[in-house]
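Engineer: Provided herewith is a single structure, encoded as structure tokens, for subsequent inquiry.
The values are calculated or read from the model by the stated rules, or taken from the named source; none is laboratory data. Every value quoted in this text rests on a predicted model; they were computed, and no experiment measured them. Glycine gets a Cβ as well: all are built from the backbone with ideal geometry, and neighbour counts include every protein chain shown.
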There are 2 protein chains.
Amino acid sequence: MAKNCNFIEKLRELGLRPTKQRVKMCEVLFNREKTFHFTINDLVKMISEEMNEKISLATVYNTVHAFEKKGYLKEISINSDKSYFDTNTSVHHHFYDEDTHELIDCDENDIDPVNIKKNITGKKINSVEVLVKVESDNQNQKKFN
Amino acid sequence: MAKNCNFIEKLRELGLRPTKQRVKMCEVLFNREKTFHFTINDLVKMISEEMNEKISLATVYNTVHAFEKKGYLKEISINSDKSYFDTNTSVHHHFYDEDTHELIDCDENDIDPVNIKKNITGKKINSVEVLVKVESDNQNQKKFN
DNA sequence: AATCTACATTATAATAATTCTAAACTGTTG
DNA sequence: CAACAGTTTAGAATTATTATAATGTAGATT
Ligand SMILES: [Mn+2]
Ligand SMILES: [Mn+2]
Ligand SMILES: [Zn+2]
Ligand SMILES: [Zn+2]
């Protein structure tokens, strides 16, 4: 979204008023080197750790969805119970660790291009994404009982 | 699950008591030729159409999860808001129509095998599934304003 | 067969996730 | 410096899901 901390200007460009809630959320979400995955609850925790005033949960939802609509966040559905968001908005694949519930991005060359042979008339393809579910490999680990 | 309607015996085999709620849900879910996708709400509607007594929503959840645990239903996450279930329990790929919110199964030969090059040490792959999001192709359709 | 008991099942009540909307705020115009 | 028209916030309401108390059932025991 931006290299340094000029989120006020960036928000204005997007047509979003640079309120203190939004600027803080920009800092928490976009003022970092690497992209990452989070749930709304993760985000609320991150905000409250960095700020003493709390942002209402509804505002966190509103702002996340505003950023999503502008294309700076992406929603990822893995489980029905938790909704994940991703600051990496490109079309990309994921590993999901069913033990730790951790979501890991795939690199461009981790998975070969997926070849779709079927096409549905009148429909165009928006995205093709692979989800690889993994869990710890206990095949060697013998259990006593 | 079964060709004809002997769900009572089948439920017993699974260690589930053949209550009238469960037998009815078996009929609605498994007494058909083709597999299909549904939400909990879809299912509640289907049940109430076929039955005059209603089954409590919590029981529908309980039973769906019981069938899922026994391997006769599979949960599919597309959106955070709706949870889809699938009577096709095999590992398979999906097209998701973002206009109609319809979920369509991929055939074995609709998508070439996905080649995963990355492997995470200590973790084994449980499933590899592709989600293809499509929407109506309006590239020709000119809008007046 | 009637009673007891342990466990399974149901469905109401409680909780958690998400959205709605009324109130507060801000920027613009006269 | 009002008045007004959005915009934004956040408490209230809704919806999805789960926890648990009440109910039902299949043996075991008499
Ligand atoms: Mn969303
Ligand atoms: Mn489930
Ligand atoms: Zn990602
Ligand atoms: Zn399917």
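Engineer: Across the stretch B:86-101, which residue is surrounded by the fewest Cβ atoms within 10 Å (Cβ to Cβ) among those that are at the interface with another protein chain (Cβ under 10 Å from one of its Cβ atoms) and within 12 Å of ligand 4 (Cβ to nearest atom)?
Structural biologist: Looking at the filtered set, the residue picked out is B:91.
Engineer: Give the residues of the stretch A:48-79 that are more than 13 Å from every other protein chain (Cβ to nearest Cβ), assigned to a helix (DSSP H, G or I) and not polar (S, T, N, Q), sorted by residue number.
Structural biologist: If the condition is that a residue be more than 13 Å from every other protein chain (Cβ to nearest Cβ), assigned to a helix (DSSP H, G or I) and not polar (S, T, N, Q), then A:49, A:50, A:57, A:58, A:60, A:66, A:67, A:69 are the ones that fit.
Engineer: It is to be established whether one or more residues within the stretch B:93-110 are more than 16 Å from ligand 1 (Cβ to nearest atom), in contact with a strand residue (DSSP E or B) (Cβ under 7 Å, 6 or more places away or on another chain) and under 24 Å from residue B:13 (Cα atoms).
Structural biologist: Taking every residue of the stretch B:93-110 in turn, none turns out to be more than 16 Å from ligand 1 (Cβ to nearest atom), in contact with a strand residue (DSSP E or B) (Cβ under 7 Å, 6 or more places away or on another chain) and under 24 Å from residue B:13 (Cα atoms).
Engineer: Looking at this structure, is residue A:65 touching a residue at least 60 places away in the same chain (Cβ under 8 Å) and not assigned by TED's automatic domain parsing to the domain that holds residue A:100?
Structural biologist: Answer is no for this residue.
Engineer: Can you find even one residue in the stretch A:118-130 that is in contact with a Gly (Cβ under 9 Å, 6 or more places away or on another chain), away from ligand 2 (no atom under 16 Å from the Cβ) and not hydroxyl-bearing (Ser, Thr, Tyr)?
Structural biologist: no
Engineer: Spot the failing condition for residue B:82; the list is (1) away from DNA strand D (no atom under 16 Å from the Cβ); (2) surrounded by fewer than 17 Cβ atoms within 10 Å (Cβ to Cβ); (3) at pLDDT below 95, and only one is missed.
Structural biologist: Condition (1) is where residue B:82 drops out.
Engineer: Next up: Can you tell which of B:134, B:130 is more than 23 Å from residue B:10 (Cβ to Cβ), touching a His at 6+ places or on another chain (Cβ under 7 Å) and part of a strand (DSSP E or B)?
Structural biologist: None of the others qualify; the one that does is B:130.
Engineer: In the stretch A:41-84, what residues are among the aliphatic types (A, V, I, L, M) and within 16 Å of ligand 3 (Cβ to nearest atom)?
Structural biologist: A:43, A:64, A:73, A:76, A:78, listed by residue number.
Engineer: If you take the residues of the stretch B:9-39 that are aliphatic (A, V, I, L, M) and part of a helix (DSSP H, G or I), which of them is farthest from residue B:56 (Cα to Cα)?
Structural biologist: Restricting to residues being aliphatic (A, V, I, L, M) and part of a helix (DSSP H, G or I), the top hit is B:11.
Engineer: Another question, if that's okay. Cβ contacts < 7 Å: first residue at negative phi and of a type in the set (Lys, Arg), restricted to the stretch B:36-59; second residue away from DNA strand D (no atom under 11 Å from the Cβ) and part of a helix (DSSP H, G or I), any location; separation 6+ or different chain. Result?
Structural biologist: Cβ pairs passing all conditions: B:54/B:48.
Engineer: Of all residues in the stretch B:102-115, which are crowded, with 17+ Cβ neighbours inside 10 Å and facing chain A (nearest Cβ under 7 Å)?
Structural biologist: Across the stretch B:102-115, the qualifying residues are B:106, B:110, B:111, B:114.
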